[in-house]
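Peer 1: There's a structure below that I have some questions on.
Values in this text are rule-based calculations from the coordinates and carry no lab data. On a predicted model such as this, the values are computed, not experimentally measured, just so you know. Glycine gets a Cβ as well: all are built from the backbone with ideal geometry, and neighbour counts include every protein chain shown.
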Amino acid sequence: SGSSPPSASASASAPGLRLFLDSASSADWAEWLPTGMFVGVTTNPTLLERAGRGCTAAACAELARDALRSPHVEEVMLQAWGESAGRMVLVGEQLAAVDRKRVVVKVPATREGLRAAATLVQVGVRVCLTAVYSPTQMLAAIGVGAE
C-alpha cells in the first residue's frame, strides 16, 4: 500500500542486524512481514491497545500463536507488566509458556525489571530489556543474561 512500516526494533543478539516489526496489528503483519525485512514481531501494552487487543496473558498468548503461524516469523517479543519483579516474573512465565524457544519476554530496564529478568533467565525464559537508554542499562542487561 506504499505506507511506512509502523516501526522496527532491532536486536543484535545474533550475528548481523535483526529487525522486529513493532506492532500488534495483523494488518501491519500482513503488509510488512512478507517483505522479509523482519525476523519477527514485538509489542507492548500500548501497541496492544492501539490494535484493539487485550493486555492479558491469554490475549498475548493468542497473539503469539497467530504470529508464530506465519512463515515470516521466527520469534515474537511480548512485554511483561507489573509493578513488582514478582508480578513481572509471573506474567513473563505465562507469556513464555506459548513457546519457550520462540517467545522472548521483554521487561523494562528498571530495578524491578532487572530483578525480574534475572529470575526469568534462571528459569530458562528468553529475556530482553526494553527502554534501554544508557550504556549502564545495557551493561546491566548483559549482566542478568538478557539478550
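Peer 1: Could you tell me the extents of the stretch 21-66's C-alpha atoms along the three principal axes, largest first, rounded to whole Å?
Peer 2: 29, 19, 14
Peer 1: Given a Förster radius of 30 Å and the C-beta distance between residue 87 and residue 26 as r, what FRET efficiency does 1/(1 + (r/R0)^6) yield to the nearest 0.05?
Peer 2: It comes to 0.60.
Peer 1: Further question on the same structure: Could you calculate the contour length gain from residue 100 to residue 132, that is, 0.36 nm times the residue separation minus the distance between their Cα atoms, to one decimal place in nm?
Peer 2: 9.2 nm
Peer 1: Rounded to the nearest 5, what % of DSSP beta bridges with both residues in the chain are antiparallel?
Peer 2: Around 20 percent antiparallel, to the nearest 5.
Peer 1: If you don't mind, another one. In the stretch 6-106, which trypsin sites (Lys or Arg not before Pro) are in a loop and have at most 14 other Cβ atoms within 10 Å, using DSSP for the loop call?
Peer 2: Here the trypsin sites (Lys or Arg not before Pro) that fit, given the DSSP loop and packing criteria, are 69, 100, 101.
Peer 1: Restricting to Cα pairs below 8 Å that are 6+ residues apart, what does the relative contact order work out to for the stretch 20-144? Please round to a whole percent.
Peer 2: The normalised contact order for the stretch 20-144 reaches 18 percent.
Peer 1: Please report, in whole Å, how far the alpha carbons of the stretch 20-144 spread along each principal axis, starting with the longest.
Peer 2: The Cα atoms of the stretch 20-144 stretch 37, 29, 26 Å along their principal axes.
Peer 1: Return the calculated 222 nm mean residue ellipticity for the chain, to the nearest 500 deg cm²/dmol, obtained by summing -39500 (n - 2.57) across DSSP H runs with n ≥ 4 and dividing by the residue count.
Peer 2: Estimated from H runs of four or more residues: -11500 deg cm²/dmol.
Peer 1: If packing is taken as the average number of other Cβ atoms within 10 Å across a peptide's residues, how do 128-138, 76-86 rank, most packed first?
Peer 2: 76-86, 128-138
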